[in-house]
Every structure is written in C-alpha cells, then in structure tokens.
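Below: one structure, written as structure tokens.
The values are calculated or read from the model by the stated rules, or taken from the named source; none is laboratory data. Just so you know, these numbers come straight off a predicted model, no measurement behind them. In this analysis, Cβ positions are derived from the backbone assuming ideal geometry, glycine residues included, and neighbour counts consider all displayed protein chains. Side chains are part of the model used for accessible areas, which takes the heavy atoms of the whole protein and leaves out ligands, DNA and RNA. Shrake-Rupley method; radii C 1.70, N 1.55, O 1.52, S 1.80 Å.
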Amino acid sequence: MNLADEIKRRRTFAIISHPDAGKTTLTEKLLLFGGAIHVAGAVKSNKIKKTATSDWMEIEKQRGISVATSVMGFEYRDFKINILDTPGHQDFAEDTFRTLTAVDSVIIVIDSAKGVETQTRKLMQVCRMRKTPVMVFMNKMDREGRDPFDLMDEVEAELGIKVRPLSWPINMGQNFKGVYNIYKEDLNLYTPNKQTVSETIEFKDLNSTELENYIGEKDAAKLREDLDLIQGVYNPFNIEEYLSGDLAPVFFGSALNTFGVKELLDCFVEIAPSPRPIEAIERKVDPMEQAFSGFVFKIHANMDPNHRSCIAFVKVCSGKFERNVNYKHVRFNRLMKFAAPTAFMAQRKETVDEAYAGDIVGLPDNGNFKIGDSLSSGEDIHFKGLPSFSPEMFQYIENADPMKQKQLQKGIDQLMDEGVAQLFVNQFNGRKIIGTVGQLQFEVIQYRLLHEYNAQCRWEPIRLYKACWIKSDDAAELENFKKRKYQYMAKDKEGRDVFLADSAYMLQMAQEDFKNIRFHFSSEF
C-alpha cells in the first residue's frame, strides 16, 4: 500500500464529555468491535472484575475516573483507528485541551438524562476554535431521560452547532425498543447485553406493516411521526458541513449495553476525515508530504513502573515515521534515532517499525522532550497551539521523608514534564510551589509520588491569586520590577521569570505601575 493510501485509511479522534457521561465505557465498546479486546471492562462495577482498558493507572481504577488521556489503536474493516480517551473531570482539562490539538475529529458523549453539561461546553469551544468535525453520541437511552427533540435543541443552543440525527430512538428507559438507523435505513432491535450486539434488520420502507410486528403499533406510529418531523425540521445530512465543523451528526444508544455503538462506528469510519493539514508557525503541513514531521502533545511518566521511564506521545503530522532512522529534534537542533518506538493499547505497548500521518507513536524519553517539541526529517518546523495555562491553585510541596530526597526530586521532575501541573521555585525563600488547575491534581501527584517513586510529600497552603509570565523590552524596568517584587518572583521549570500575585488588586496595581512589562497568562511552550 502506498503512502497516500495508508494515510487515507487513518482515523484519529478523541472522545470527550462531562464526567460520568459514559466516555470510557464507549471507548471500551469501540475496542470490542475492533477486536482489540475480547471482554469489555467496566469503569465502576463490583461484578465485572476487568477494569476499563483505558483507565489503567492504579488511581483511575480506585476512583472510577480517567485522570490521563490514553491512546488506543486498532484495525476495523479497512481502517486504522486511533482513539484518544480523555479525562472528563475539569481538574484535568489541560490534558484534554492539548489532546484536541492531536486529533482530526471528535466524538462528544452526552448523558441523555442530564443533557449538555459544563465541561462539554468548554471542550466544544476548543473544537469550534480549531474547526474540528464533531459527532454526538446520546448515551444511556436504556434509562429514563429527556425527550430526544429537546436534547437536539439543547445541543444546538448550548454548543453552537447545527445538528442532524442519523439514528433515532424507539422509546427509552424500561420501554426502550432500539433505534432506527436513518443513515443506513435499518432497524436495530435492543436486547440488553454488555458483551454482544443486538439484531439488525434492513428496513427501507417504514410504511410497511412489518414494522408493527417488530416494535408494536404505538411505537411504530410514533417512530413514523418523529421521522417525518426530522425530515421537516432538519436539512438533509451534508458531509461537507460536517467536515467543516458546522454540523454534528447525532446517534442514540447505550454504551454500557453495547447498543448503537456499531452504527456510530460504521458511519464514523465512512464520513470522518483522514489526517488533515496542520498549521505550523512557518507554513501549513500537508499529511501527504513525503518528509516526516510530528510534535509531542503529551508526556507520560511511569507507564511501566518497573523501568521508571517516560514516554513522549508524538502525533505524526506528515509522511512516514520509521524506526532507527535519524530525525531532527528541532529545539535541540540535533539528530536523534529511536530504536524502540511504540504503538499503544492504553498501557500495553508494542514496538513498531513504521507509522504514518495520523498515527500516535510513543518515544522513550530520558528528559529530551518537552510538550510542543517538533521532530522532522530535517526541516526547522514549529507546531503551535500547545500552551500551558496559568494555574488557579497553589501549594508548597515539602519532603515528608528526608531519606527519599532524590526520589522526590526525580518524581517531581518527571510528573511536571507531563504538563498537567507546574513547578515554580520562589526566588525569595527557594521553596517549591506546585500550581494546578484543580484540587484533585494535588491528590493525584501525592498518590503517584508515593506509589510510583516511593517518595512522600506533604502540602502546605499558600495564598496566591495568579502566576504570570513576565516579559519586557525595557531591561531596566524589568530589573526594577524584579527588585520591587522580589518576594513574589519565581522561576518556572524552564528558568523563565514568573510573577506570583497574591490578589487581583496586587496584579492590577503591578500592571498599572509598570506599563512596559507584558503579563502573560499562558505560556506557549
């Protein structure tokens, strides 16, 4: 198969949602259809002993939530599918934002009883900004939920995108009979089963009296009425509108009961985009170019706790990546080659000899990579849009076991490289401050330091409002500012100057008093 054909069969997408909408469960069922796993795990269950494939970290199994994006690749029909299952919890939003820079399309999971929730709105803003094509999966139809038409209206109003149902539910909750697949014109009858698929009947003529035999008179009449209304209210499905990010196709089902998932997947592989051109600072990079290029969008420490290794996740943007070939590390301006690049199934990984545009490759990292780093066949190219945001919560981190200073230091260094929390060293007293976007991050850091590095830390409170990166073309004024605000100055991991304002008023006064200093609330890596 030539380069262009290989790239065209790639489908790289993220699954996003508010916590508990069923994102990780949907990922499990997609893996089940791809033959990547044979028994679907559960996020929360006492009966199913197998935990979800994508929630492989110990803390994820205990909490029943995803705390890190996991990458899974599998073959389905003639397509190579790469799924990125993202954390839904807002405390891990930064990981999800960065993941969205590495995908070509997105599936949003919505709980049919709760509708559109806060986190879904925030993530949708990122998709709109990047014009990422979006599909919606209305989950939990086997439970009592809201009227499907009301859900459609809410998605349009709250997420600011036009919708077009491509499947339609027949009742819901205890009376849920299945869905009619508008896209394929067939009837999917529901039998609750967590591991197998219900039956599908081709059904092109809805006026046929056969319909009553399958779903009963009342539901058949309601389905015909609903489908007439859909034809009247919504424009026919237009693939171009979907690809430009203006229209979201909607599917209904129950991920837990493996229902409606195959319809979603079959339609997805047919209409979702193959890898798309990506904006770099220098130029637009086309995936079909012969030369390899890619960027690091995520770093994960300790995927294998026995080896204390970090893995840099690289999105291949163009061409073909090959094992043991020299590639240019653009920031270091030197050549590197990789003997053991890996492809993932969550934590399980296997060495790969080649990867194409759209694929995600794991590279062993001994401190060579930062999030946002570019690799290429030789060209100086910088991919953009991977900022680190100003943290909203801060605590001093202290060593709770003096005998384990080295382990603690290594643990902090590696976990900060992941980019989900930030380290600042106070210039006044030399103490280390960790900044995060959510409280839960502190618990995750403490847990991982103890269980992965055998190091104990304790947190001490510090009252801070914002961390701002400061820059100025006026060296004298910058020096004067640093002297005046000495006890509020810190350095980040890259040695850049950071001003730690302890209140909104203090920040406002600093901005007014020092007109020639620029205060940045996100650092483009």
PRE zone check, label point 7 Å out along Cα-to-Cβ of residue 521, amide N under 12 Å, scope segment 487-511, hits 504, 508
Between residue 410 and residue 121, what is the FRET efficiency for a Förster distance of 41 Å, r being their Cβ-Cβ separation, to the nearest 0.05? 0.60
Explain nothing, just compute: Karplus ³J(HN,Hα) = 6.51 cos²θ - 1.76 cosθ + 1.60, θ = phi - 60°, for every residue of segment 12-27 in order, whole Hz, x for Gly and Pro. 10, 9, 10, 10, 10, 5, 6, x, 6, 7, x, 5, 5, 5, 4, 4
Simple Cβ-charge dipole of segment 383-481, Lys/Arg +1 and Asp/Glu -1, about Cα centre, in debye nearest 20: 280
Enter the Cα centre distance for the pair segment 309-331 and segment 1-17, rounded to the nearest angstrom. 17
The value for segment 365-496 (convex hull of the alpha-carbon atoms, volume per residue, Å³) is 141
Would you mind pulling out the separation of the Cα centroids of segment 470-525 and segment 129-181, in Å? 47
For segment 432-485, the accessible surface attributable to carbon and sulfur atoms (probe 1.4 angstrom, ligands and nucleic acids excluded) amounts in percent to 47
Could you sort the peptides 242-253, 73-84 by per-residue average Cβ neighbour count (10 Å cutoff), highest mean leading? 242-253, 73-84
Could you give me the ³J(HN,Hα) list for segment 324-339, computed from phi with Karplus coefficients 6.51, -1.76, 1.60 and θ = phi - 60°, whole Hz, x at Gly and Pro? 6, 10, 6, 10, 8, 8, 4, 5, 7, 6, 8, 8, 9, 10, 10, 7
How do the peptides 201-212, 18-29, 443-454, 355-366 rank, highest first, by the average count of neighbouring beta carbon atoms within 10 Å per residue? 18-29, 355-366, 443-454, 201-212
Read phi for every residue in segment 391-396 and hand back ³J(HN,Hα) as whole Hz from Karplus 6.51 cos²θ - 1.76 cosθ + 1.60, θ = phi - 60°, with x for Gly and Pro. x, 10, 10, 9, 8, 6
Counting only backbone N atoms under 16 Å from a point 7 Å out along Cα-to-Cβ of residue 454, the residues of segment 408-430 in range are 408-412
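Strictly over 24 Å apart at the Cα level, which of 370/432; 328/432; 328/406 would you flag in this model?
Table pairs above 24 Å Cα-Cα are 328/432; 328/406.
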Net dipole in debye of segment 258-341 [+1 Lys, Arg Cβ; -1 Asp, Glu Cβ; about Cα centre; nearest 20]: 540
Simple spin-label estimate for residue 207 and residue 396 in nanometres, 7 Å along Cα-Cβ: 7.9
Among 469-477, 370-378, the order from most to least packed when residues are scored by Cβ within 10 Å on average: 370-378, 469-477
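For segment 202-264, what does the alpha-carbon gyration tensor say about shape, rounded, prolate or oblate, given a ≥ b ≥ c as the root eigenvalues, a/c under 1.5 as rounded, and a/b over b/c as prolate?
Values: a/c = 2.53, a/b = 1.44, b/c = 1.76.
Oblate shape, in that a/c is at least 1.5 and b/c is the bigger or equal ratio.
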Report the Stokes-Einstein translational diffusion coefficient (µm² s⁻¹, integer) for segment 377-441, Rh taken as the Kirkwood radius over Cα pairs, at 25 °C with viscosity 0.890 mPa s. 176
